[in-house]
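Heads up: the structure comes next, in structure tokens.
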Amino acid sequence: MLVLWSIPALLLAVAGGAVIAKRAIDAYLRSERFRAFLAHKAGGTLRAEAEVAPLHFEASNLYADSFAARGTTAAKFSTLELDGLRAELRWRRFFEHVWQVDQLDVQRLRVDLAGPRLDEPAAPKAVQDKVASANRSGWLPDRVEVGTATIRETQLTWDGGALRGTALQLKPLDGGWQIEGAGGTIEHGRLPPLAVQRLDLGYRAPSLFVKSAEFREGENGSVTADGEINFDERLDLHAVLRNVTLTPWLAGDWRARLHGDASGEINVRAALPLRGDPEIGGKLSLANGQLEALPVLNEIAAFTKTQQFRKLALSRATCDFTQLGPKLAVRNFVAESEGLIRIEGAFVIENSTIDGAFQVGVTPASLQWLPGSQSRVFTESRGGYLWAPMRLAGPLNSPTEDLSPRLLAAAGNEVIEQVGGAVKDATKTMKDAAKSALDLLLGPSK
């Protein structure tokens, strides 16, 4: 009989113990100790000083208005802020000492990768962990693991650029995170913003892997990118451009002079942490190109009496380029308006000045009105064009070239020679006529 009575008593004791434990856990979750524990764990992971706003509970859902962290010199950011947090807290891994969050929802994330950092704490991490463990009971979980995180709106800023308004979905993968995103814009410097179509990223400290990133520019332009950002060592990205409107990417007067849709490949490399300008290089081509209001072309139009030179429709325009800081070096430059003109060469732009060496090819028909041009300046014939060298140098918005003076000099010399030849011929003719007249009057000389 005692055994029969002991079974209900045991069940009641277990139930009572569970009720007491549940109340103790609820009390702990609502305490400042738990909030301090979360801040400490997040700060240790992020290498930052972290603060969690007061927590609110509804059933198994945990809410917080905000979370803020200030990065130390060991962190990858200067500030990080989360607004409107909701976490689905589950108990199934309680006895593994894990607070399991199946789903974390964040309304807004703001991260600044630039800006000053805090000095690292004087106390070693082991000491901090010991202090933090004193603020919780030994039988309670000491880890937090997140299943899936959804961020409705992201603002990520760095020196000179930003990612704004992008939604992100994060899932744990191989000791890191699989990150997918869409929406918003990305911008850098004075370049026009690109609309974010899709992001497929992976993060495993210390590297962010760009598996695929797709952006849209205007109606028909697109940019895709891939590569790796190792925050401790280097940045290495590769981008492909398709039909990107060129004009907004140009500076100064060139926005009015050059138009078209750019396609090609660009590579960006830099050592990290970034202490200087990245090296940018690649190959570009231009479709639907148009070149106008260029002084050298206006001069050629005036010399050749061909107005088409003033506003060229480019059938081909390609180049290889490298940019490091303010210096842009362009090689293998080719610009052609088929059947009219072709320009080949290389140039360097630095400190708002240009210095370039080119070969200019024009059709023979274009030179018919320019005396001496074919015999003195455009002396090489190949590919259906007559060619002449040209040096272009000076301020980027108003450079000078040496082709026009040579054409003027050639025309002047040709005219002088033709006039001199005509005078010589006329003199000889007069002499011959005079001699003939004397022969008639005096008879043949003996």
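Every read-out reported here was derived from the displayed coordinates using simple, explicitly stated rules and does not represent laboratory data. Fair warning: this is a prediction, and the values are worked out from it, not measured in the lab. Positions of Cβ are generated from backbone atoms using ideal geometry, with glycine treated the same way; all protein chains shown enter the neighbour counts.
Some notes on this structure:
- Stretching Ala74 away from Ser31 to a fully extended chain increases their span by 12.5 nm, per 0.36 nm per residue minus the current alpha-carbon distance.
- Glu380/Ser212 FRET efficiency (R0 60 Å; Cβ-Cβ; nearest 0.05): 0.80
- Inter-site label distance for Leu324 and Gln107 at 7 Å from Cα along Cβ, in nm: 4.9
- Under Stokes-Einstein, with the Kirkwood radius over Cα pairs as Rh, the value for the stretch 190-291 at 37 °C and 0.692 mPa s is 221 µm²/s.
- FRET efficiency estimate (nearest 0.05) - Cβ-Cβ, Ser352 to Ser315, R0 30 angstrom: 0.50
- Put a dot 7 Å past the Cα of Trp91, heading toward its Cβ, do the same for Lys171, and the two dots end up 2.8 nm apart.
- For the stretch 137-254, a crude dipole built from +1 on the beta carbon of Lys and Arg and -1 on the beta carbon of Asp and Glu, taken about the Cα centre, is about 260 debye to the nearest 20.
- For the stretch 239-280, pairs of C-alpha atoms spaced more than 15 angstrom apart make up 57 percent of the total.
- Positive minus negative residues near Leu82 (Lys, Arg vs Asp, Glu; Cβ under 12 Å): -2
- In this simple spin-label approximation, Thr150 and Thr185 carry label points 7 Å from Cα along the Cα→Cβ vector, and these lie 2.6 nm apart.
- Cleavage-rule hits, chymotrypsin sites (Phe, Trp or Tyr not before Pro), the stretch 188-260, DSSP coil, Cβ neighbours within 10 Å at most 12: none
- Using a Förster distance of 45 Å, the FRET efficiency for Glu233-Asn288 (Cβ separation, nearest 0.05): 0.65
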